[in-house]
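These notes are about the structure you will find just below.
The values are calculated or read from the model by the stated rules, or taken from the named source; none is laboratory data. Just so it is clear, the model here is predicted, and its values are computed rather than measured. Glycine also receives a Cβ, built like all others from the backbone with ideal geometry; neighbour counts cover every protein chain displayed. When the accessible area is computed, the model is the full protein with side chains, heavy atoms only, and any ligands, DNA or RNA have been set aside. Shrake-Rupley method; radii C 1.70, N 1.55, O 1.52, S 1.80 Å.
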Amino acid sequence: MNIFDIIGPVMVGPSSSHTAGAVRIGYVSRKLMGEEIVRAEIGLYGSFLMTGKGHGTTKAVVAGLLGMQPDDERIPDAFTQAEKTGLHFHIGEAKLKDAHPNSVALKLVGKSGKTLEIIGESLGGSIINIAKIDGLSANVSGDYPTLICSNTDIPGMVAKVSTILAVSNINIANLQLYRSSRGKNSVFIAECDQEIPAATLNEIENLSGIVKVSYLSLEE
């Protein structure tokens, strides 16, 4: 066991689940958006809703959406920072069913008009899970460079994307496939061992049947 699993993450407190985890959900969501976020609907659920104010959960989520990490000393001042940078947000209650008790639902709009919907879960010790992306199931830890392809459920899509990654010498560590129903919307999620070059992402975006590509880079 790593000693940091025992003593917890380096963070601005007070809670690793309600504060640090909330920051990470916001931060990973911003990275998946791939651009500055200008508008955010933030819905809190369960314990996040009940105790979030005292634990600074709302400020933590906003801080993450601004690109802050859990150890950033500006987290308590996140609302002021959001006003300065032009991030407009609204905080309310998320109407979720059978969700993890530390959950937040995000509806985001980027500066280009790009949209992204996320349901994130804080599992404790700053460990998170992105449980839904644009309405489809997911299971993204935020610990790997992660490719998320929303696409039409047609034959050969997985092979095409996997081949492009292989040609670029990108190894897939974990692969997940989800779909709403046969022939409808689906999502291809690849957690990778290497960062994916912009040219490779562009090639995947131009595949017939691809609706949207989101990418989580671990590089600053």
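How many residues are part of a helix (DSSP H, G or I) and either modelled with pLDDT under 50 or open to solvent by 70 Å² or more (accessible area, probe 1.4 Å) (or both) if we restrict to the range 1-29?
Filtering the range 1-29 down to residues part of a helix (DSSP H, G or I) leaves 3-7, 16-29.
Filter again for either modelled with pLDDT under 50 or open to solvent by 70 Å² or more (accessible area, probe 1.4 Å) (or both), leaving 3-7.
Qualifying residue count for the region: 5.
If you take the residues in the range 71-113 that are open to solvent by 50 Å² or more (accessible area, probe 1.4 Å) and in contact (Cβ under 8 Å) with a residue 60 or more places away in the chain, which one is farthest from residue 125 (Cα to Cα)?
Once the filter is applied, the top-ranked residue is 112.
For the range 52-63, which positions are open to solvent by 40 Å² or more (accessible area, probe 1.4 Å) and either on the phi > 0 side of the Ramachandran plot or basic (Lys, Arg) (or both)? Spell out how you get there, then give the answer.
The initial filter retains those residues of the range 52-63 that are open to solvent by 40 Å² or more (accessible area, probe 1.4 Å), namely 53-55, 59.
53, 59, listed by residue number.
Quick one: which of 195, 219, 203 is open to solvent by 30 Å² or more (accessible area, probe 1.4 Å), over 12 Å from the mean Cα position of the chain (by Cα) and closer than 29 Å to residue 43 by Cα?
Numbers: 195 fails: closer than 29 Å to residue 43 by Cα; 203 fails: closer than 29 Å to residue 43 by Cα.
Criteria check complete, one pass: 219.
Check whether at least one residue in the range 63-86 is assigned to a helix (DSSP H, G or I) and in contact with a strand residue (DSSP E or B) (Cβ under 6 Å, 6 or more places away or on another chain), and report yes or no.
Taking every residue of the range 63-86 in turn, at least one turns out to be assigned to a helix (DSSP H, G or I) and in contact with a strand residue (DSSP E or B) (Cβ under 6 Å, 6 or more places away or on another chain).
With respect to residue 154, determine if the residue is surrounded by fewer than 19 Cβ atoms within 10 Å (Cβ to Cβ), of a type in the set (A, V, I, L, M, F, W, C) and part of a helix (DSSP H, G or I).
Values: surrounded by fewer than 19 Cβ atoms within 10 Å (Cβ to Cβ): yes; of a type in the set (A, V, I, L, M, F, W, C): yes; part of a helix (DSSP H, G or I): no.
The answer is no for residue 154.
Specify which of the listed residues (49, 32, 44) is crowded, with 17+ Cβ neighbours inside 10 Å and under 13 Å from the mean Cα position of the chain (by Cα).
On the way: 49 fails: under 13 Å from the mean Cα position of the chain (by Cα); 44 fails: under 13 Å from the mean Cα position of the chain (by Cα).
So the residue among 49, 32, 44 that is crowded, with 17+ Cβ neighbours inside 10 Å and under 13 Å from the mean Cα position of the chain (by Cα) is 32.
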